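Visitor: Here you go, one structure.
The values are calculated or read from the model by the stated rules, or taken from the named source; none is laboratory data. Bear in mind that the values here come from a model prediction, so they are computed numbers and not experimental data. Don't worry about glycine lacking a Cβ; one is built from the backbone with ideal geometry, like all the others, and counts go over all protein chains shown.
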Amino acid sequence: MPRIDRLIKTTTFRLALLYTALFAGSVGVLFIFVFINTNIFAERQVEAAIQTEVQSFQETYQRTGLTGLIQAINRRIDPNVRTDGIYLLTGADQVRVTGNLLSWPNNLTREDTVGDEIWVNFTIVDMQKAGPDTADVRALLFFIQGGYQLLVGRDIRDSREFRTQLLRSLNIGIGFTVALGVLGGFLFSRSIMGRVERITQTCRRIMRGDLSQRIEGSGTEDELARLSESVNEMLDQIERLMRGLREVSDNVAHDLRTPLNRLRARLEVAVSNAVDPKEKAELQEAIEEADGLLSTFSSLLRIARAEASLKRSFDVLSLGPIVENVADLYRPLAEDKDIAFNVDIDFGCNARGDSNLIAQTLANLTDNAVKYTPDGGSVHLHVCRDDNKAVFEISDTGSGIPPELHEKVFERLYRMESSRTSPGSGLGLSLVDAVVKSHGLKLKLSDNAPGLKVTLIFPDVAESGLPA
Amino acid sequence: MRVLVIEDDLTAAGFVTKGLQEAGYVVDHAEDGQKGLDLALSEPYGVMVVDRMLPGLNGMAIVQQVREQDIGTPVLFLSALGDVEDRVDGLKAGGDDYLVKPFAMAELLARIEALTRRGKGGGEVTHLSVGDLELDILARKVMRQGQRVYLHPREFRLLEYLMRHAGQVVTRTMLLENVWEYHFDPQTNVIDVHISRLRQKIDKPFDSAILQTVRGAGYKLEPTD
């Protein structure tokens, strides 16, 4: 699920996750604190109860002696009186005198003595409840003159059970906290992501040249809505600037080309009036120079407009026929140079764009390949599909372009040292670059050993972020 | 034939007028949109040459109004705006051809000739012949002096276009626009190579050349006698 995958990668989701972890952590700390305190409190309560009882037994013993003590114990263990206390009075050699324990417990463990009190823990088999059950007992040992020992304890099974119960509740509580946090984070980031995604989609469409797109409002006045608003205002401004640029370039085209056109017209008139063939030839050359100037100028304008590419709409184009057409145009030229001209087309390839600009891009690349490949070399045109993306590849066996110049050749009017003598304006690849940028293509130059390989990757027609 | 030129740039207008007059046309010139429209609506012209950018009423608006009056005079737009979009806009507005400034006089003359001749042709043509050269569009068959000539599809389209405009000068740009449907100038002069290919097949094996080169303009298909 790529969508879930993307969701998990979002900042919102990660933040939500982090907060959940922090929250769960603090809840955990709180729970541990509560747990420990409750536990200590429960133990203290038991101990306090035992201490009070022992104290009262001590007083009884001092007042009434051993007989009084035995009577007091017997009153406590009277089966008609409900008690949770455990008592055992033993004489010398730990022989039972009275109490609700039948014998001195054999699994008694001594705890560290606190002051002069001797605390012990042991387990007994409880016969009162249904079925035998072991009960944990905490007790205080108390020595009386004459070898008598008094054991006063409490069954702490209940408090242990309370402790496990508490622990379980705390665990479930933390579990719920984490689960709710993750779910909340998931839902939260999905709704935020949806809105961010809409902004991204709109921006992509705008980047591809449809400047009329605006981000829809969500009806809220939160940060995202404010962001959308700012982006929209920015777009208004960019659109105004672009329109200005377009008007300027149109005016430049008109204002500068018109005088050049007049110059050319005058030259043409002069040619037709000239009688001297030498003069005629010279004027003809002047016309050609003017044509060259005008064509460079038109190319620059074309590039500027291809870059701004405020095309009303790009169409879905089948790349195969466009490439076939271009190949058709250049095949005789290649054949004249004895160049092996191979064309390999997968006709199921679609791309989105302006057909004329794409044709010119491919024509410029083919023109270069044929021009810079020496006689007897080979030029290979290849159209294929890679993962729903159309790929155009052209490789030649010419002189190639050194890697350090790969960026430079796309600059306007740049010509490599080695190609300055051949005809051309140095604008062919600049137009390619402009189309690459405005159409969202990927362009790669690589070494064909020998020669150059140019790879153009078109965006997926379905995902190009443009309205269908 | 009368030609109406609507162009605000007087130098360009003078150049066009002079060139057309030398080619044997009778030329009326209007230097702004409103005057041009008045003339276009009142006088019968064989062809109108209209600049797209004009003071007052622009070229597109003129042509739209002319077409609304059911006047079918062929219109050729002149413009400094050479984008395909601009071209499409011009043709949508009712123009028949679109020529980007600057242009050679020969280019303008060739296009005007193509426009005026086109108007006369009626119905679908399935068979073309020029001298001893014959072309059957449906059977995609070419014969010269009774001998079959085998052409590639693109060569066939090239020849078909040349034959439809037999006797007229056809420029390289016209060929690029009509045979390849390209509205850009390939860096290398590839059209010449295609023409020389075609010549190899329709002229070389025979005793007379039918495909002529017109210097400084383009090509012309015409039997030499």
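Visitor: Which residue, of A:Val271, A:Val275, is surrounded by fewer than 17 Cβ atoms within 10 Å (Cβ to Cβ), free of Cβ contacts under 8 Å to residues at least 40 places away in the same chain and over 38 Å from the mean Cα position of the chain (by Cα)? If you could, list the steps in order and put the result at the bottom.
Guide: Numbers: A:Val271 fails: surrounded by fewer than 17 Cβ atoms within 10 Å (Cβ to Cβ).
It is A:Val275.
Visitor: Continuing with the same structure: Within the range B:201-210, is there a residue that is assigned to a strand (DSSP E or B) and away from chain A (no Cβ under 14 Å)?
Guide: The first filter runs over the range B:201-210 and keeps only residues assigned to a strand (DSSP E or B), leaving none.
No, every residue in the range B:201-210 fails to be assigned to a strand (DSSP E or B) and away from chain A (no Cβ under 14 Å).
Visitor: Now a separate question. Could you check, for the range A:18-31, whether at least one of its residues is assigned to a helix (DSSP H, G or I) and either outside the structural domain of A:Glu117 (by TED's automatic domain parsing) or within 26 Å of A:Pro105 (Cα to Cα) (or both)? Steps first, answer last, please.
Guide: Quick first cut of the range A:18-31, residues assigned to a helix (DSSP H, G or I) only: A:18-31.
Subset that is either outside the structural domain of A:Glu117 (by TED's automatic domain parsing) or within 26 Å of A:Pro105 (Cα to Cα) (or both): none.
Looking through the range A:18-31, none of the residues is assigned to a helix (DSSP H, G or I) and either outside the structural domain of A:Glu117 (by TED's automatic domain parsing) or within 26 Å of A:Pro105 (Cα to Cα) (or both).
Visitor: Return the only residue of B:Val5, B:Val16, B:Val84 being over 20 Å from A:Val269 (Cβ atoms), within 14 Å of another protein chain (Cβ to nearest Cβ) and of a type in the set (A, V, I, L, M, F, W, C).
Guide: Working: B:Val5 fails: over 20 Å from A:Val269 (Cβ atoms); B:Val16 fails: over 20 Å from A:Val269 (Cβ atoms).
Every option except B:Val84 fails the conditions.
Visitor: Next question. If you check every pair at least six apart or on different chains, which have Cβ atoms under 9 Å apart with a residue in the range B:49-61 that is in a loop (DSSP other than H, G, I, E, B) first and a residue that is acidic (Asp, Glu) and at pLDDT below 85 second?
Guide: Hits for this filter: B:Arg52/B:Asp86; B:Arg52/B:Asp89; B:Met53/A:Asp250.
Visitor: What pairs can you find where one residue is in the range A:233-248 and charged (D, E, K, R), the other is at pLDDT below 80, and their Cβ atoms are less than 8 Å apart, with a gap of 6+ or different chains?
Guide: A:Glu239/A:Leu211; A:Glu239/A:Ser212; A:Arg246/A:Arg305; A:Arg246/A:Ala308; A:Arg246/A:Leu310
Visitor: Right, here's the next one. Among the residues of the range A:351-405, how many are within 20 Å of A:Val435 (Cβ to Cβ), within 14 Å of chain B (Cβ to nearest Cβ) and not in a helix (DSSP H, G or I)?
Guide: Count: 2.
Visitor: Of all residues in the range B:1-45, which are assigned to a helix (DSSP H, G or I) and among the β-branched types (Val, Ile, Thr)?
Guide: Quick first cut of the range B:1-45, residues assigned to a helix (DSSP H, G or I) only: B:10-22, B:33-42.
Of everything in the range B:1-45, those that are assigned to a helix (DSSP H, G or I) and among the β-branched types (Val, Ile, Thr) turn out to be B:Thr11, B:Val16, B:Thr17.
Visitor: Would you mention how many residues in the range A:135-156 are in contact with an Asp or Glu (Cβ under 7 Å, 6 or more places away or on another chain) and over 14 Å from A:Glu111 (Cβ atoms)?
Guide: 4
Visitor: Condition first: charged (D, E, K, R) and not in a loop (DSSP other than H, G, I, E, B). Now tell me which residues in the range B:170-198 satisfy that.
Guide: Step one: filter the range B:170-198 for residues charged (D, E, K, R), giving B:172, B:177, B:181, B:185, B:192, B:197.
Correct list: B:Arg172, B:Glu177, B:Asp192, B:Arg197.
Visitor: Further question: Within the range A:62-120, which residues are of a type in the set (D, E, K, R) and part of a strand (DSSP E or B)?
Guide: Of all residues in the range A:62-120, those of a type in the set (D, E, K, R) come to A:63, A:75-76, A:78, A:82, A:84, A:93, A:96, A:110-112, A:116-117.
Those that are of a type in the set (D, E, K, R) and part of a strand (DSSP E or B): A:Arg96, A:Arg110, A:Glu117.
Visitor: For A:Ser189, all conditions in the list (1) in a helix (DSSP H, G or I); (2) surrounded by fewer than 15 Cβ atoms within 10 Å (Cβ to Cβ) hold save one; what is the number of the exception?
Guide: If we test A:Ser189 against (1) in a helix (DSSP H, G or I); (2) surrounded by fewer than 15 Cβ atoms within 10 Å (Cβ to Cβ), just (2) comes out false.
Visitor: What's the number of the only condition in (1) aliphatic (A, V, I, L, M); (2) at pLDDT 85 or above; (3) surrounded by fewer than 19 Cβ atoms within 10 Å (Cβ to Cβ) that A:Ala363 fails to meet?
Guide: (3)
Visitor: Right, next: Hey, among A:Ala72, A:Ala49, A:Ala16, which residue is in contact with a Lys or Arg (Cβ under 7 Å, 6 or more places away or on another chain) and among the hydrophobic types (A, V, I, L, M, F, W, C)? Before the answer, list the steps.
Guide: Numbers: A:Ala72 fails: in contact with a Lys or Arg (Cβ under 7 Å, 6 or more places away or on another chain); A:Ala16 fails: in contact with a Lys or Arg (Cβ under 7 Å, 6 or more places away or on another chain).
Selected residue: A:Ala49, the only one of A:Ala72, A:Ala49, A:Ala16 that is in contact with a Lys or Arg (Cβ under 7 Å, 6 or more places away or on another chain) and among the hydrophobic types (A, V, I, L, M, F, W, C).
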